C-alpha cells in the first residue's frame, strides 16, 4: 500500500517542495560551498513523494524526465520556474498513472453466479488491465459484470467489453452486463444483447466514439 495513496498528490508535492526548499536555503546560507543546495533538496523531496506513490519502474522513468526538464528550464530561465515546471509535470504523470488503474473484485452470489464489480474508468489506457482480470474458463456458468462504479470512456473500452463477451461465449458461459449507460448498450456490437437494462439504476453518460459523429 502506498504511503500517499489516500492523500491528494498536489498537496503532498507542495508540502514536500516547501520542506525541500527550506532545507536547501538553510544549507546554502550556512554552507556556502556545499553542492546540495535549494535545487537538490527540492528535487529530492519531490522524488520521495513520487517514489512512494508510483512505484519503482514509473518513478525512475519520471525522475529522469523531470531531472532533464528541470535542468533545461533552469538554464533557460531560473530555478523558480524550473521547480514549478517540475511540479506540474510530476502531477500530470501521476494523474495519468492513476487514471489507468482499474479495480475488479470477484465474488459468488447466492445464486451461484460469479459477480465482478468494476471500479475505475474503462478507456484505452486501462483496457489491457481490465481484460487480464477475467478468467472465463474458471468462472461459474453464469457471470455478472457490474459497472456501477465504472464508466466506459471511449471506443477502446467498448471493444474490450465486446472482446470479453466473445471469450465468455466461446467458453459456453452466460454473461450479464449491468449498470451500463444506454449509449454503451447501443454502441456495443456483440455484447449489446447481454446488457440488462434498469432505467432507474443505470447511469447516464456519453462515450467518445466515432460512431456518434
Q.
If the requirement is being in contact with a helix residue (DSSP H, G or I) (Cβ under 6 Å, 6 or more places away or on another chain), assigned by TED's automatic domain parsing to the domain that holds residue 108 and assigned to a loop (DSSP other than H, G, I, E, B), which of these qualifies: 204, 190?
A. 190
(Q) Give all pairs with beta carbons closer than 6 Å in which a residue from the range 179-205 that is exposed (fewer than 12 other Cβ atoms within 10 Å of the Cβ) meets a residue that is in a loop (DSSP other than H, G, I, E, B); count only pairs at least 6 apart in sequence or on separate chains. (A) 204/181
Q: Within the range 164-173, track down each residue that is part of a helix (DSSP H, G or I) and surrounded by fewer than 15 Cβ atoms within 10 Å (Cβ to Cβ).
A: 166, 170
Q) Among (1) in contact with a helix residue (DSSP H, G or I) (Cβ under 9 Å, 6 or more places away or on another chain); (2) assigned to a loop (DSSP other than H, G, I, E, B), which single condition is residue 176 missing? A) (2)
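The values are calculated or read from the model by the stated rules, or taken from the named source; none is laboratory data. Here the structure is a predicted model, which means the values were calculated and not measured. Methodologically, a virtual Cβ is constructed for each residue, glycine included, from the backbone with ideal geometry; neighbour enumeration extends over all protein chains shown.
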